[in-house]
Amino acid sequence: MKLQEFHAKRLLLAKGLPVPHHTVAETAAGARLAAEPYFAGGAEKVVVKAQVLVGGRGKAGGVKLASTPEETEQVATQILGMDIKGTTVGRVLIAPAADIAREFYLACVLDRSSRRILLMGSAEGGVEIEDIAASNPDAIKQVHAHPHLGLLDYQARTMAFAMGLGGPHLRDFVTIAQGVYRTMIDNDADLVEINPLAIVREVTADGSTRESLQCLDAKITIDDSALTRHPELELMRDVAEEDPVDVAAREEGISFIRLGGTIGCMVNGAGLAMTTMDLIKRAGGEPANFLDIGGGAKADKVAAAMSLILADSHVRAILVNIFGGIARGDEVAHGLVDARGQQERHVPMVVRIVGTNAAEAARILAESGDPDIQTAATLDEAVARVVAVASAAAVPA
Ligand code: GDP
Ligand code: MN
């Protein structure tokens, strides 16, 4: 689950990380009200930032500076309602604009291959990490945290030196890097990214300037499987910005991941679902999704799964592969026939049901008289057929 910037910053603040004061507004008038105290407090400019879950807001025009409360309102009017990569902006974050001297990149990610948490840093901050990785991969420094002891002081210092952050910022950088690591661990995040982590110039009360490190942007994603341990984070979920199909799947308790192929898959059990996808690929087809309908699949679950699959316009055929254990074959077959009746869009369907009440299931499907339903006795046969019908089916308009 991705968090909005202002939610991510809340988690960073909870770890004591340096994040500039900010306010969230949903209207242009609210943005102006939020900006007034910053200007009254001496800020020369404020930054107005679109709160959307997609990256690259700056380039898309979703991050702008304003010099007066009036201008803040105008800028917020432009940004609110703006479309950024398909998402409509409904909220903006207002903060005193930082006077940036240098921008860095800092992130913690889960490195599955090394089974450790990886700290990544770069002196080329501000731009998206994918761009740095493509143009200058050597500019991204990597340090793996110790699996038991965490991110040790010397490891954080190593990263600081690699990023060119010695001298006055060394101590603060170590605190920030360890705070990012703690944010990752304590929230079961799989990504905590600060881009930019910036050296910011500030004018102090006596008129002299000082520089400090500040987290100006924050991106955090939480491991979905760990959300049951974090009810307070679940409350940060932004359903409006999620794919409606993902929202529906979660509400139905169905594991569903869209993949982009043409063959919809309805399977019970994650392992069987993976196997089914592998066999489709081997037979020359492309699975449209991973779908694990769960144990003891009942008719209503089957109907919900069918809706999820058919919501994808690329789907040209569906493979149903059910191993009846706790799930009863006849129950699934009834569900399939009912679901066909509820759907407006019909695509050919190849059904393989084995195990509990398989014979009953075959009878129900045969008696339905639905010309789009074929049954198969074995998985190999089912896969061969579904790949054939999917490639024969016309590309939907
Ligand atoms: P992103 O484009 O979605 O990653 O949004 P960011 O929050 O990272 O902002 C993009 C860019 O806008 C940053 O890299 C900065 O160059 C600039 N920016 C963001 N906040 C400030 C600020 O407070 N002051 C100034 N001067 N620039 C800012
Ligand atoms: Mn950024």
- [ ] Quick one: which residues, 5 or more positions from His144 or on another chain, have an amide H under 5 Å from its amide H? H modelled 1.01 Å from N in the peptide plane, none for Pro or chain starts.
- [x] Leu119
- [ ] Among Pro96, Thr27, Ile132, pick out the residue whose Cα is farthest towards the positive end of the charge dipole of the chain, where Lys and Arg carry +1 and Asp and Glu carry -1 on C-beta, about the Cα centre.
- [x] Ile132
TODO: In nm, give the distance between the simple-model label positions of Arg10 and Arg116, each being 7 Å from the Cα along the Cα-to-Cβ direction.
DONE: 3.4 nm
Open item on the list: Could you tell me the center-to-center distance, by alpha carbons, between the range 77-108 and the range 167-246 in angstrom?
Closed with: 14 Å
Task: Candidates Val203, Val320, Val24: whichever shows maximal mean-square fluctuation once the chain is modelled as a Gaussian network with Cα springs under 10 Å - done: Val203
Task: Relative contact order of the chain, defined on C-alpha pairs under 8 angstrom at six or more residues apart (%) - done: 12 percent
Open item on the list: Can you show me the helix-derived [θ] at 222 nm for the chain, built from DSSP H runs with n ≥ 4 at -39,500 (n - 2.57) apiece and divided by the number of residues, rounded to the nearest 500.
Closed with: -11000 deg cm²/dmol
Open item on the list: Could you derive backbone 3J(HN,Hα) for the range 84-97 from the dihedral phi with the Karplus parameters 6.51, -1.76 and 1.60 (θ = phi - 60°), listing whole Hz in sequence and x where the residue is Gly or Pro?
Closed with: 10, 6, x, 10, 8, 6, x, 9, 10, 9, 10, 8, x, 5
TODO: Return the long-range amide H neighbours of Ala317 (sequence gap of 5 or more, or a different chain), with a cut-off of under 5 Å between placed amide H atoms.
DONE: Gly264
TODO: Starting from the residue with the highest accessible area, list Lys141, Lys2 in decreasing order, probe 1.4 Å.
DONE: Lys2, Lys141
Open item on the list: Calculate the FRET efficiency for Ala270 and Asp186 from the Cβ-Cβ distance with a Förster distance of 45 Å, rounded to the nearest 0.05.
Closed with: 0.95
TODO: May I ask you to give the solvent-accessible area per residue for the range 139-293, in square angstrom, as obtained with a 1.4 angstrom probe?
DONE: 47 Å²
Open item on the list: Along the Cα→Cβ direction, 7 angstrom out, place labels at Asp138 and Ile257. What is the inter-label distance in nm?
Closed with: 3.5 nm
Task: Solvent-accessible area of Thr378 with every protein chain in place, 1.4 Å probe, in Å² to the nearest 10 - done: 70 Å²
- [ ] Determine the relative contact order of the range 169-270: mean sequence separation of Cα pairs under 8 Å and six or more apart, normalised by residue count, in whole percent.
- [x] 19 percent
- [ ] For the chain, set up a Gaussian network in which alpha carbons nearer than 10 Å are linked by springs, and say which option among Gln142, Gln74, Gln342 fluctuates the most.
- [x] Gln342
Open item on the list: Running a GNM on the chain with Cα contacts under 10 Å, which residue among Thr204, Thr88, Thr175 ends up with the highest mean-square fluctuation?
Closed with: Thr204
- [ ] Quick one: what are the phi-derived ³J(HN,Hα) couplings along the range 8-14, Karplus 6.51/-1.76/1.60 with θ = phi - 60°, whole Hz, x for glycine and proline?
- [x] 4, 5, 4, 5, 5, 4, 5
Open item on the list: I want to check the label-to-label distance for Arg363 and Val239. Put each point 7 Å from Cα in the C-beta direction and report it in nm to one decimal.
Closed with: 4.2 nm
Open item on the list: Suppose a student asked you for the relative contact order of the range 107-207, using Cα pairs under 8 Å spaced at least 6 residues apart; what percent would you report?
Closed with: 30 percent
Open item on the list: Between the range 338-357 and the range 111-129, how far is it from one alpha carbon centroid to the other, in angstrom?
Closed with: 45 Å
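Where the only charges are on Cβ atoms (+1 Lys, Arg; -1 Asp, Glu), what is the dipole of the range 119-161 about its Cα centre, to the nearest 20 debye?
With Lys and Arg at +1 and Asp and Glu at -1, about 260 debye.
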Task: Karplus (6.51, -1.76, 1.60) ³J(HN,Hα), θ = phi - 60°, over the range 135-140, in Hz, Gly and Pro reported as x - done: 7, 8, x, 5, 6, 9
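R0 = 45 Å: FRET efficiency of Leu65 with Ala248, Cβ-based, nearest 0.05?
Computed FRET efficiency for Leu65 and Ala248: 0.70.
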Task: Gyration tensor (alpha-carbon) shape descriptor, the range 272-397, a/c threshold 1.5 - done: rounded
- [ ] Pull up all non-local amide H partners of Leu259: gap of 5 or more, or a different chain, and H-to-H distance under 5 Å with H placed in the peptide plane.
- [x] Asn289, Phe290
Task: Cα-centred dipole magnitude for the chain, charges only on beta-carbon of K, R (+1) and D, E (-1), debye, nearest 20 - done: 640 debye
Open item on the list: Could you report the accessible area of Arg352 in Å², rounded to 10, computed with a 1.4 Å probe on the protein chains as they sit in the structure?
Closed with: 40 Å²
Open item on the list: Counting only other residues whose beta carbon sits under 14 Å from that of Leu149, what net charge do I get with K and R as +1, D and E as -1?
Closed with: +1
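The values are calculated or read from the model by the stated rules, or taken from the named source; none is laboratory data. Computed from a predicted structure; not experimentally measured. Please note: Cβ atoms are built from the backbone with ideal geometry, for glycine as well, and neighbour counts cover all protein chains shown. Heavy atoms of the whole protein, side chains included, go into the accessibility calculation; ligands, DNA and RNA do not. Shrake-Rupley method; radii C 1.70, N 1.55, O 1.52, S 1.80 Å.
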